[in-house]
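Participant: Can you read through this structure? Questions will come right after.
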Amino acid sequence: MLELSILGFLAEEPLHGYELKERIKALSGHVRPVSDGALYPAITRLVTAGKLDQHTEDGAGAAPRRVLSLTDKGRADLLERLRHPKQTEITDQVRFNTLLAFLRHLPDRHEQAAVLRRRLDFLDAPTSFFYEDGSPVRAEQADDLFRQGMLRVARATGKAEREWLTEAIELLGQPS
């Protein structure tokens, strides 16, 4: 998810490390904050792999800034990650939102729709936070107020997301 965010934001414009960190933080928020101990090693791996280019510019203060940009190899990697996301990037809400944030960079509408169909298929499978005798527990069956709340909110957001996914897939299937 971190590397996808790095590649995705740098596909939009070159950034220095702090700007990149702030954008990633805004995208994932308090749910999955990014630390310098994770960000800068990931940047170094991507630079070493030839997916990012870096150069130094004078900073606003005394220290120079390292500006990062996406290479052709990095753009190809981003597109591959968008075409073929890992299953956890489909099933995990925060990871899926990261994928959605950059899916517009994938130029083929049919490939975009295929990613959205994978998410829709996942959401259509019966599931719950809680199970009884191997079956998903519905909000109406939950034994306490708080679990009922969790299940009702999940059902409402799932319904809204399924509606949006269906609309988006339909739009992507239409001639542009």
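The values are calculated or read from the model by the stated rules, or taken from the named source; none is laboratory data. Note that the structure is predicted; figures quoted are calculated from it, not measured. With ideal geometry, Cβ positions are generated from the backbone for all residues, glycine too; neighbour counts draw on all protein chains shown. The protein model used for the area step is the full one, side chains on, heavy atoms only, and it has no ligands, DNA or RNA in it. Shrake-Rupley method; radii C 1.70, N 1.55, O 1.52, S 1.80 Å.
Participant: Would you mind finding the one in Val137, Val153 that is more than 19 Å from the chain's Cα centre (by Cα), surrounded by 14 or more Cβ atoms within 10 Å (Cβ to Cβ) and β-branched (Val, Ile, Thr)? Spell out the reasoning first.
Facilitator: Numbers: Val153 fails: surrounded by 14 or more Cβ atoms within 10 Å (Cβ to Cβ).
Just one listed residue meets the conditions, Val137.
Participant: Hey, Leu145 hits all of (1) surrounded by fewer than 17 Cβ atoms within 10 Å (Cβ to Cβ); (2) modelled with pLDDT of 95 or more but one; which does it fall short on?
Facilitator: Evaluating Leu145 over (1) surrounded by fewer than 17 Cβ atoms within 10 Å (Cβ to Cβ); (2) modelled with pLDDT of 95 or more leaves (2) as the failure.
Participant: Of all residues being touching a residue at least 24 places away in the same chain (Cβ under 8 Å) and open to solvent by 40 Å² or more (accessible area, probe 1.4 Å) in segment 72-100, which is farthest from Asp53 (Cα to Cα)? Just the residue, please. First the steps, then the outcome.
Facilitator: If we filter segment 72-100 for residues that are touching a residue at least 24 places away in the same chain (Cβ under 8 Å), which is where we start, we get 73-75, 77-79, 81-83, 85, 89-91, 94-95, 97-99.
Now restrict to residues that are open to solvent by 40 Å² or more (accessible area, probe 1.4 Å): 73, 75, 81, 83, 91, 95, 97.
On the way: Lys73: 10, Arg75: 12, Arg81: 19, Arg83: 23, Thr91: 32, Arg95: 25, Asn97: 26 Å.
Step by step, filter segment 72-100, then rank; the result is Thr91.
Participant: For Asp121, only one of the following conditions fails: (1) farther than 21 Å from Lys51 by Cα; (2) assigned to a loop (DSSP other than H, G, I, E, B); (3) open to solvent by 80 Å² or more (accessible area, probe 1.4 Å). What is its number?
Facilitator: (2)
Participant: Scan segment 16-42 residue by residue and report those that are aliphatic (A, V, I, L, M) and either part of a loop (DSSP other than H, G, I, E, B) or in contact with a Lys or Arg (Cβ under 7 Å, 6 or more places away or on another chain) (or both).
Facilitator: Of all residues in segment 16-42, those aliphatic (A, V, I, L, M) come to 20, 24, 26-27, 31, 34, 38-39, 42.
Of everything in segment 16-42, those that are aliphatic (A, V, I, L, M) and either part of a loop (DSSP other than H, G, I, E, B) or in contact with a Lys or Arg (Cβ under 7 Å, 6 or more places away or on another chain) (or both) turn out to be Val31, Val34, Leu39.
Participant: Restricting the search to segment 45-62, which residues are open to solvent by 70 Å² or more (accessible area, probe 1.4 Å), over 30 Å from Asp108 (Cβ atoms) and out of contact with any strand residue (DSSP E or B) (no Cβ under 8 Å at 6 or more places or on another chain)?
Facilitator: Answer for segment 45-62, where residues must be open to solvent by 70 Å² or more (accessible area, probe 1.4 Å), over 30 Å from Asp108 (Cβ atoms) and out of contact with any strand residue (DSSP E or B) (no Cβ under 8 Å at 6 or more places or on another chain): Ala60, Ala62.
Participant: With the structure loaded, tell me whether Gly29 is open to solvent by less than 80 Å² (accessible area, probe 1.4 Å), of a type outside the set (A, V, I, L, M, F, W, C) and over 30 Å from Arg155 (Cα atoms) or whether it fails that test. If you could, list the steps in order and put the result at the bottom.
Facilitator: Numbers: open to solvent by less than 80 Å² (accessible area, probe 1.4 Å): yes; of a type outside the set (A, V, I, L, M, F, W, C): yes; over 30 Å from Arg155 (Cα atoms): no.
Answer is no for this residue.
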